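Structure first, then comments.
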């Protein structure tokens with residue numbers, strides 16, 4: 001049953017790369033020019049992540065090299081191990097709803113340290129890909145129309161984030177475990 | 001909150017290093033961290049540039065509109081308070097469709113327009129979120145993601161033998177999160193309407 005998840009992974013991008021230009025062509029889009037026009041923003045978008053990545057990777061790298069991360073992992077591991085969560089991903093789970101760039105920095109650090117194809121690497125990749133910066137989105141969207149009382153938005157947002165986290169752990173164990 | 005976590009990691013890191021008697025690792029770790037960050041961002045230029053090109057094509061081909069037609073029946077059900085033809089509905093549908101396709105740049109302006117239209121429908125206190133706004137943001141922050149481009153790029157940079165193997169697990173996890181968001185939103189809306 002979980003084979004379908006890996007098939008989906010294998011086919012998703014090739015299918016998109018086949019269908020999108022074909023459909024665009026049929027719809028009369030000048031495919032090459034349009035592609036280039038969109039791609040123009042790539043440099044700026046990637047460069048914009050630098051301040052976030054530097055800030056976060058400096059902090060996490062100091063935190064790791066000092067031995068503090070190992071201490072945190074040592075404290076949390078007994079509890080988290082029971083539910084199948086490697087304690088190394090804890091800083092990512094905490095940071096994810098707060099700042100996308102910061103969480104990406106932590107994910108990068110884990111992928112670099114443990115390898116992208118390790119269980120932790122795959123899990124943190126799924127966690128990074130699947131969740132959003134809930135607090136940032138709420139602040140931006142509500143702020144833009146002058147709303148200061150969010151009512152239950154934060155609760156439903158964090159419930160979704162937590163469910164996504166649990167689902168990531170579950171599916172990674174099933175598919176990669 | 002980010003401020004405290006960031007500061008906390010730095011301060012605790014430096015104190016622990018000092019307590020362990022090897023405070024000199026801090027300088028090296030900080031510089032290395034910065035170097036890895038810049039290198040990663042530069043390597044990311046490739047995949048982000050490529051993907052933004054593909055996504056522009058998807059937009060021009062009308063795929064956002066096509067997807068919007070598919071999600072419309074669901075949004076009609078989720079936003080009973082909004083008239084079908086109201087501009088708020090159009091903006092919500094377009095925002096969610098762009099989110100699903102991973103078109104962050106297109107999604108945000110649509111989302112902000114949706115919020116303005118929802119605010120026009122707000123019959124209560126203009127500083128308090130309406131039911132529809134709460135539902136919209138619950139969907140927006142938990143939205144299904146089909147292709148998590150950036151993390152695929154990071155995996156590629158660090159030598160994954162199969163960078164896209166996490167696409168399926170990501171779709172599964174986001175589908176679960178979105179379901180939870182919809183259910184939770186309904187429960188909380190009911191509880192709040194009962195005066196919680």
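Compactness ratio of the stretch B:29-88: Cα Rg over 2.2 N^0.38 Å, N = residue count? Intermediate values should be presented prior to the final figure.
On the way: Rg = 20.2 Å, N = 60, 2.2 N^0.38 = 10.4 Å.
Dividing the Cα radius of gyration by 2.2 N^0.38 Å gives 1.94.
Rg over Rh for the stretch A:102-170 works out to 1.10, both radii taken from alpha-carbon positions and Rh defined as the Kirkwood radius.
When the alpha carbon gyration tensor of the stretch B:58-105 is reduced to an equivalent ellipsoid, the three semi-axes, largest first, read 20, 10, 9 Å. If a/c stays under 1.5 just call it rounded; otherwise compare a/b with b/c (prolate if a/b is bigger, oblate if not). Do that for the stretch B:1-147, with a ≥ b ≥ c from the square roots of the Cα gyration tensor eigenvalues. Judged from the Cα gyration tensor, the stretch B:1-147 comes out oblate (a/c at least 1.5, b/c at or above a/b).
D for the protein assembly as shown, whole µm²/s, Stokes-Einstein with Kirkwood Rh over alpha-carbon pairs at 37 °C and 0.692 mPa s: what number? The partial results should precede the final answer.
Numbers: Rh = 21.5 Å.
In µm²/s, the coefficient rounds to 152.
GNM remark for chain B: springs join alpha carbons under 10 Å apart, and the peak mean-square fluctuation among B:169, B:27, B:130 falls on B:27. In degrees between 0 and 90, to the nearest 10, how far off the longest principal axis of chain A does helix A:50-65 point, with axes built from Cα atoms? Here the helix axis deviates by roughly 30 degrees. Which log10 I(q)/I(0) values does chain A give at q = 0.13, 0.14, 0.17 Å⁻¹ under the Debye formula, counting every alpha carbon as one identical point scatterer? Taking Cα atoms of chain A as identical point scatterers yields -0.88, -0.99, -1.22.
If each residue's Cβ is checked for other Cβ atoms within 10 Å, how do B:123, B:65 rank with the fewest at the top?
B:123, B:65
Roughly how tilted is helix B:25-60, in degrees to the nearest 10 and between 0 and 90, from the longest Cα axis of chain B? Rounded to the nearest ten degrees, it is 30.
With the cut-off at 1.5 for a/c, could you classify the stretch A:54-138 from its C-alpha gyration tensor as rounded, prolate or oblate?
Details: a/c = 1.43, a/b = 1.22, b/c = 1.18.
Here the stretch A:54-138 falls in the rounded category.
Over the stretch B:62-193, the ratio between the Cα radius of gyration and 2.2 N^0.38 Å evaluates to 1.16. Angle between the Cα long axis of helix A:134-144 and the longest principal axis of chain A, 0 to 90 degrees, nearest 10? With both axes taken from Cα atoms, the answer is about 60 degrees.
Over all residues in B:181-187, what is the mean tally of Cβ atoms on other chains that come within 10 Å of each residue's Cβ?
Taking the mean over all residues of the peptide, I get 5.
Suppose only helical runs count, i.e. DSSP H with n ≥ 4. What mean residue ellipticity at 222 nm does that imply for chain A under -39500 (n - 2.57) per run, divided by all residues and rounded to the nearest 500 deg cm²/dmol? Intermediate results must be reported in sequence, preceding the final value.
Working: 10 runs with 139 residues, N = 177.
My calculation for chain A gives -25500 deg cm²/dmol from helical runs alone.
Quote the relative contact order of chain B in percent (integer), defining contacts as alpha-carbon pairs under 8 Å separated by 6+ residues.
Worked out over chain B, it gives 18 percent.
Please check: in the Gaussian network model of chain B (C-alpha springs, under 10 Å), which one of B:162, B:43, B:185 has the largest mean-square fluctuation. Largest GNM mean-square fluctuation: B:162.
Treat the stretch B:1-45 as a sphere of radius equal to its Kirkwood radius over Cα pairs and apply Stokes-Einstein at 25 °C in a medium of 0.890 mPa s; give the translational diffusion coefficient in µm²/s, rounded to a whole number.
On the way: Rh = 11.8 Å.
Rounded to a whole number, D works out at 207 µm²/s.
Ignore the peptide's own chain and count Cβ atoms of other chains within 10 Å of each Cβ in B:13-26; give me the average, rounded.
Details: counts 12, 4, 2, 10, 6, 1, 3, 4, 0, 3, 1, 0, 6, 4.
Mean partner shielding for this stretch: 4.
Build a GNM of chain A with springs between Cα atoms under 10 Å: which of A:127, A:95, A:25 gets the top mean-square fluctuation? In the Gaussian network model the winner is A:25. The spacing between the stretch B:1-65 and the stretch A:86-142, judged by their C-alpha centroids, is 11 Å.
Looking only at other chains, what is the average number of their beta-carbon atoms within 10 angstrom of each beta-carbon in B:128-137? Before the final figure, lay out each step's value.
Values: counts 5, 11, 2, 2, 0, 7, 10, 2, 2, 10.
Mean shielding by partner chains, rounded to a whole number: 5.
None of the figures in this text is laboratory data; all of them are computed from the coordinates on show. Here the structure is a predicted model, which is why all the values come from computation and not from measurement. Reconstructed Cβ throughout: ideal geometry from the backbone, glycine too, with neighbour counts over all protein chains shown.
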